[in-house]
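Structure record follows, encoded as structure tokens.
The values are calculated or read from the model by the stated rules, or taken from the named source; none is laboratory data. Only a predicted model underlies this, so the values are computations on that prediction, with no experimental measurement involved. Because the Cβ atoms are built from the backbone with ideal geometry, glycine has one as well, and the counts that use them run over all protein chains shown. Areas reflect the complete protein model, heavy atoms only, side chains present, ligands, DNA and RNA absent. Shrake-Rupley method; radii C 1.70, N 1.55, O 1.52, S 1.80 Å.
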Amino acid sequence: MRFGAIFRTTRFGVAALLGLLGVAGNSAFAQSVPIISFEADIDVLRMPKDLHLGEVTGVAVNSQKHIFVFSRGSTTGPAYAASAAQLLEFGPDGQFIREIGKNLYAWSFAHVVRVDGGDNIWAVDKGSDMIIKFNPEGRVTMVFGRKQEASDEETGPLKHPKPPLAAEDGRFRQPTDVAWDPAGNTYISDGYINSRVAKVDKNGGWVKSWGDRGEKPGEFNTPHSIAADAQGNIYVADRFNRRIQVFDGEGKLLRVITIDVPFDHDARPAIGNKPNPDAKTGTFSAGAPWALCITPPPNQVLYSADAYPGRIYKLTLDGKVLGALGESGKQAKQFGWVHEIACPSENELYVAELLNWRMQKLTLRP
């Protein structure tokens with residue numbers, strides 16, 4: 001089954017395609033988008049007795065096919081503002097291996113986990129405003145940001161002023177994700193309050209940041225996920241603005257990708273009232289990118305997921321939509337807010353779901 005789709009991509013962020021009118025420019029095109037057949041395994045992980053996942057915010061896979069799951073499990077503290085973060089490692093067969101960073105000072109509210117080219121494990125904690133690098137043995141080797149001091153009388157949930165307060169070098173406010181270029185530089189999407197990308201070098205030294213809150217090209221409204229390709233280009237899921245912005249490693253905007261794939265407007269969301277199916281901005285607008293993943297070279301593709309109607313999209317790096325899969329729901333092959341994707345190969349995806357408290361392993365049959 002195939003559906004017509006209008007896909008828009010521009011080099012400088014100004015839409016070059018009036019899709020419904022059939023007007024095309026040099027950097028935009030229309031296409032048909034196939035529905036990708038796939039299989040799903042929701043029972044990959046072999047959990048020990050009395051160990052349970054909470055909202056699964058992150059999943060990553062290392063070179064040995066070990067699976068790392070970041071979950072809002074092991075919750076401790078009061079009902080509100082409790083600490084909810086636990087990092088678990090599983091073998092390729094799904095057998096539980098260990099918990100990493102048990103009782104870590106940075107654990108507060110899990111967001112994502114990533115594994116770099118050296119099999120180092122990186123965890124981004126939205127609650128503590130920290131990014132932690134573990135070596136493959138599970139020891140902390142680098143920390144970014146700083147948690148609020150428990151002894152300070154003003155310590156508490158961060159405010160969300162509009163416009164946000166100015167960002168500060170080296171500090172983060174509800175960061176969301178991390179990626180690396182071939183030179184070993186680290187890029188951090190920061191985040192729910194700050195609206196920027198931060199860059200640090202391979203030694204952890206601060207290099208620069210770019211972006212601010214807004215909707216203009218190069219601005220962000222909830223940069224929620226980040227990925228890098230083999231050329232060192234940086235892909236930022238500008239979630240509320242319903243677009244993926246692509247930059248070079250110095251922050252120069254290269255292009256903007258917007259995904260517009262038709263769907264059944266009667267589709268129900270995973271939770272909550274049905275969003276406006278025609279919305280062009282917003283966290284729950286169709287095509288708004290929640291999670292990004294780029295496959296390894298040489299033939300790289302980009303995966304992006306939305307919360308409504310709850311699909312995963314496969315794209316070329318220049319933005320051509322190659323296909324879509326999935327829908328909202330609670331069963332296998334359905335998704336409840338995909339929060340992170342690991343894509344060790346083009347047809348093998350690991351998907352972290354918030355609402356369904358699980359990780360699905362997907363095998364694509366394009």
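Which of the residues spanning segment 131-163 are of a type in the set (K, R) and either within 20 Å of F109 (Cβ to Cβ) or at pLDDT 85 or above (or both)? Break it down stepwise before answering.
Start the filter on segment 131-163 by keeping residues that are of a type in the set (K, R), which leaves 133, 139, 146-147, 159, 162.
The answer is K133, R139, R146, K147, K159.
I'm trying to understand the selection: among the residues of segment 33-86, which are assigned to a strand (DSSP E or B) and of a type in the set (V, I, T)?
We begin by selecting, within segment 33-86, every residue assigned to a strand (DSSP E or B); these are 33-35, 37-41, 46, 56-61, 67-71, 76, 83-84, 86.
Answer for segment 33-86, where residues must be assigned to a strand (DSSP E or B) and of a type in the set (V, I, T): V33, I35, V56, T57, V59, V61, I67, V69, T76.
Taking strands (runs of 3 or more DSSP E) that do not extend beyond segment 256-323, which have at least 1 residues that are among the hydroxyl-bearing types (S, T, Y) and surrounded by 15 or more Cβ atoms within 10 Å (Cβ to Cβ)?
302-305, 312-315
If we scan segment 224-241, do we find a residue that is surrounded by 18 or more Cβ atoms within 10 Å (Cβ to Cβ), of a type in the set (D, E) and not in a strand (DSSP E or B)? Yes, some residue in segment 224-241 is surrounded by 18 or more Cβ atoms within 10 Å (Cβ to Cβ), of a type in the set (D, E) and not in a strand (DSSP E or B). Among the residues of segment 201-217, the one identified as surrounded by 18 or more Cβ atoms within 10 Å (Cβ to Cβ) and not in a strand (DSSP E or B) is G211.
Which one is nearest to the chain's Cα centre (by Cα), of the residues in segment 123-144 that are open to solvent by less than 20 Å² (accessible area, probe 1.4 Å), without any contact (Cβ under 8 Å) to a residue 60 or more places away in the chain and closer than 22 Å to H339 by Cα?
Among residues in segment 123-144 that are open to solvent by less than 20 Å² (accessible area, probe 1.4 Å), without any contact (Cβ under 8 Å) to a residue 60 or more places away in the chain and closer than 22 Å to H339 by Cα, the one nearest to the chain's Cα centre (by Cα) is D125.
I'd like the residue in segment 161-200 that is among the charged types (D, E, K, R) and open to solvent by less than 50 Å² (accessible area, probe 1.4 Å) and, out of all such residues, is farthest from T141 (Cα to Cα). Looking at the filtered set, the residue picked out is R196.
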